[in-house]
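Below is one structure, written out as structure tokens; the observations come after it.
The values are calculated or read from the model by the stated rules, or taken from the named source; none is laboratory data. Everything numeric in this text was worked out from a predicted model, so none of it was measured. FYI the Cβ positions are ideal-geometry reconstructions off the backbone, even for glycines, and counts take in every protein chain you see.
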């Protein structure tokens, strides 16, 4: 079966699967997977990953924010270069502090795992009232593709949430770092002193690239915290273009830079 045929089959199957019971969905997926799994296509479609992502305009980001009921005062976009340059600096310094021998590089690989977590496309991070991080969860730990439950091991059933995953309990930057690497669509900045005073701050990384994970995360956080009037201020950071940027060659990047200046 050609890749185009598998795409059509996947699009046809998804609406049907959504109406079935959980057990029926799993059974159907097991039998159909060999037909639509070319190059991981089935997994990406079921996970809700856009297989043809594009650079998002300001207009599209605003439209999506309205769809997800994201308030304007906390609707930010990630500054791609600033964020990844910042991560590189942080982890380079941490690497230089490691005591690595020829026979044991476990510290290095543990650090790589934390860096991998910090670069995931869909994330939730929680900070105390001083801006220090106390919790994080990223998409690669979520149970895919159905039902995609972000409440892993009941981590959101307590407040503040907790999770027993070693790499997720390593926190290498604070809220001020994320705010410094983000801005409003008009390029103005949101600083820590601008935030409403509350007990906790939550940051949701979302995008149109990992559409279903983003949608499910936003829904989970609102149900667990916002709708129950927990003392937390939610900040939304769209990082769609940050991930598109990583996939571009130098020529395409230059074209995008010129478009952004218009």
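Going through the range 191-207 one residue at a time, which ones are touching a residue at least 60 places away in the same chain (Cβ under 8 Å) and surrounded by fewer than 18 Cβ atoms within 10 Å (Cβ to Cβ)?
192, 197, 198, 199
Among the residues of the range 195-222, write down those that are assigned to a helix (DSSP H, G or I) and under 18 Å from residue 152 (Cβ atoms). Give the steps one after another, and end with the answer.
If we filter the range 195-222 for residues that are assigned to a helix (DSSP H, G or I), which is where we start, we get 211-222.
212, 213, 214, 215, 216, 217, 218, 219, 220, 221, 222, listed by residue number.
One residue is enough: does the range 82-101 have a residue meeting the conditions in a loop (DSSP other than H, G, I, E, B), buried (at least 16 other Cβ atoms within 10 Å of the Cβ) and in the same structural domain as residue 186 (by TED's automatic domain parsing)?
We begin by selecting, within the range 82-101, every residue in a loop (DSSP other than H, G, I, E, B); these are 98-101.
From what is left, the residues that are buried (at least 16 other Cβ atoms within 10 Å of the Cβ) are none.
Within the range 82-101, not a single residue is in a loop (DSSP other than H, G, I, E, B), buried (at least 16 other Cβ atoms within 10 Å of the Cβ) and in the same structural domain as residue 186 (by TED's automatic domain parsing).
Can you tell me which condition residue 152 does not meet? The list is (1) free of Cβ contacts under 8 Å to residues at least 24 places away in the same chain; (2) out of contact with any helix residue (DSSP H, G or I) (no Cβ under 9 Å at 6 or more places or on another chain), and all the others hold.
Among (1) free of Cβ contacts under 8 Å to residues at least 24 places away in the same chain; (2) out of contact with any helix residue (DSSP H, G or I) (no Cβ under 9 Å at 6 or more places or on another chain), residue 152 violates only (2).
For the range 123-149, what are the residues that are within 16 Å of the chain's Cα centre (by Cα) and either outside any loop (DSSP other than H, G, I, E, B) or at pLDDT 95 or above (or both)?
Filtering the range 123-149 for residues within 16 Å of the chain's Cα centre (by Cα) gives 123-126, 135-145, 148-149.
Residues satisfying the conditions are 123, 124, 125, 126, 135, 136, 137, 138, 139, 140, 141.
Test residue 139 against the stated conditions and say whether it is at negative phi and surrounded by fewer than 16 Cβ atoms within 10 Å (Cβ to Cβ).
So residue 139 does not fit the description; no.
Identify all residues within the range 108-122 that are assigned to a helix (DSSP H, G or I) and touching a helix residue (DSSP H, G or I) at 6+ places or on another chain (Cβ under 9 Å); write none if there are none.
108, 110, 111, 112, 113, 114, 115, 116, 117, 118
What single numbered condition from (1) at pLDDT below 90; (2) on the phi < 0 side of the Ramachandran plot; (3) in a loop (DSSP other than H, G, I, E, B) fails to hold for residue 229?
(2) is the only condition that residue 229 fails.
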